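Taking it in order: structure first as structure tokens, then the write-up.
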Amino acid sequence: MIDDSARRWLLALSAPMVAINAGPGAAYDCDQFYPFDTRVDLKGSWGIDSREQLFEMILRMVDNGHAEDLAHYFRLWHRLSLTEWQDYVAHQTPDIQTQLALVADSAVMCGDGGIRAWDLARMGFLCRIGLLNDWITPPENLWLHSRLGVRARYYYTSWQHYNAGFIIGRLYWQSLNASDADTRRYAFSADAGSTTNIELMRQLYTHPESPISQLPWHIEIPGMDKPASLPEMDL
């Protein structure tokens, strides 16, 4: 078993999702996300209505979600000189240049991990709702979170980078419905200063129960044996 600090650290991976859902009653330190027993319907928003569908979504999204769209560009930004980057951008299509502008504007904030946190935090949210809905058990929930934690530690070096990755990833996701490159570029700028994003940051960094200011990024997380009940989860 892991100690309480490690448990809270793993739950903190989905703290941005708690901040977004604070109004309906989401709790940072609640393993099942909401401190009540009413099931949450994920059918309409995620297409999930069972343990099997939950696992399918996690396996699909944890390494191949929205972050993959920009991962190569974040790696390039951190490895190319300014002149090399500018030359690379100049030879891309307008659609790609819009994505590269977002990367250039946020790469320092996110670090090399880019927007991986957008996918990892949402998968943590799904695991916690899976526990609430009785699709998974508490040991399964913690083990799944431990696999998210391995990825978070690989891609990021601080909560600041991780949370920035989530917020920039959310901006990217919100822009996907834009009809053209100019509209997407405008969406990045407009949504960044929206009331929702400002409140998200306020919740994450000033709420007295938020773990972000209470837990260091570098904390010992003991290895966990995979539960025998999860043979299909190759994470």
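Numbers at a glance
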| read-out | value |
| --- | --- |
| Relative contact order for region 1-147, counting Cα pairs under 8 Å that sit 6 or more residues apart, in percent | 37 |
| Reciprocal mean inverse distance between Cα atoms of the chain - Kirkwood radius, Å | 18.5 |
| Anisotropy class of region 1-63 from Cα gyration tensor, a/c 1.5 cut | oblate |
| Accessible surface of the chain [probe 1.4 Å, protein heavy atoms]: carbon and sulfur percent | 52 |
| The chain: most fluctuating residue of Ala104, Ala19, Ala164 per GNM, C-alpha cutoff 10 Å | Ala104 |
| Förster-model FRET efficiency, 22 Å R0, Tyr205 and Asp4, C-beta, rounded to 0.05 | 0.50 |
| GNM result for the chain, Cα springs below 10 Å: residue of Phe125, Phe33, Phe55 fluctuating most strongly | Phe55 |
| Inter-label distance for Lys43 and Ala27, nm, one decimal - labels placed 7 Å from Cα along Cα-to-Cβ | 2.8 |
| Percent of C-alpha pairs per 5 Å bin, region 52-105, short to long | 4, 18, 24, 18, 11, 9, 8, 5, 2, 1 |
| Heavy atoms of Glu209: accessible area, 1.4 Å probe, square angstrom to 10 | 120 |
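The values are calculated or read from the model by the stated rules, or taken from the named source; none is laboratory data. Small disclaimer: the values here were computed from a predicted structure and weren't measured. We place every Cβ from the backbone using ideal geometry, glycine too, and count neighbours over all the protein chains shown. Note: areas computed on protein heavy atoms with side chains; ligands, DNA, RNA excluded. Shrake-Rupley method; radii C 1.70, N 1.55, O 1.52, S 1.80 Å.
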